[in-house]
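Quick notes on the structure that follows.
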Amino acid sequence: MMFMCVQMTKPVQEHLGMMFMCVQATKPVQEHLGMLFDERRHQQRTALYLPSPLYVLYVQATAYAEACGKFCTLSCKRLLI
């Protein structure tokens with residue numbers, strides 16, 4: 001099982017440049033449809049710095065915001081102190 005994982009990472013790394021170009025090419029479509037996946041990914045990475053109870057609250061609030069659609073928005077910003 002471990003051998004398969006090692007073999008699979010090499011092809012992914014070889015195609016990383018092509019995958020990055022595909023993500024960049026889809027940005028106009030994301031913006032047009034209002035589906036900003038890069039922004040969401042950045043928020044999720046930022047939320048990883050939250051303490052555990054706040055992270056759980058963030059995950060639950062994100063799920064609630066997704067269920068409500070456009071009636072509820074949620075953002076997570078990193079404050080530098």
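The values are calculated or read from the model by the stated rules, or taken from the named source; none is laboratory data. Just so it is clear, the structure is predicted and the values come from calculations on it, not from any experiment. Quick reminder, even Gly has a Cβ in these numbers, built from the backbone with ideal geometry, and neighbours come from all protein chains shown.
Check segment 12-22 and report whether any residue there is surrounded by 10 or more Cβ atoms within 10 Å (Cβ to Cβ), of a type in the set (D, E) and at pLDDT below 80.
So far as segment 12-22 goes, no, none of its residues is surrounded by 10 or more Cβ atoms within 10 Å (Cβ to Cβ), of a type in the set (D, E) and at pLDDT below 80.
Can you tell me which residues in segment 36-62 are part of a helix (DSSP H, G or I) and among the aliphatic types (A, V, I, L, M)?
A47, L54, V56, L57, V59, A61, listed by residue number.
Which condition does V59 not pass, out of (1) of a type outside the set (S, T, Y); (2) within 24 Å of Q24 (Cβ to Cβ); (3) surrounded by 13 or more Cβ atoms within 10 Å (Cβ to Cβ); (4) at pLDDT 80 or above, if it passes all the others?
Every condition holds for V59 apart from (2).
Tally the residues that are free of Cβ contacts under 8 Å to residues at least 24 places away in the same chain, farther than 13 Å from S75 by Cα and out of contact with any Asp or Glu (no Cβ under 9 Å at 6 or more places or on another chain), restricting the search to segment 29-51.
Total meeting the criteria: 10.
Would you mind telling me which numbered condition in (1) of a type in the set (K, R); (2) exposed (fewer than 10 other Cβ atoms within 10 Å of the Cβ); (3) modelled with pLDDT of 80 or more K70 fails?
Unmet condition: (3).
Which condition from (1) part of a helix (DSSP H, G or I); (2) under 14 Å from the mean Cα position of the chain (by Cα); (3) modelled with pLDDT under 80 is the one that S75 breaks?
The failed condition is (1).
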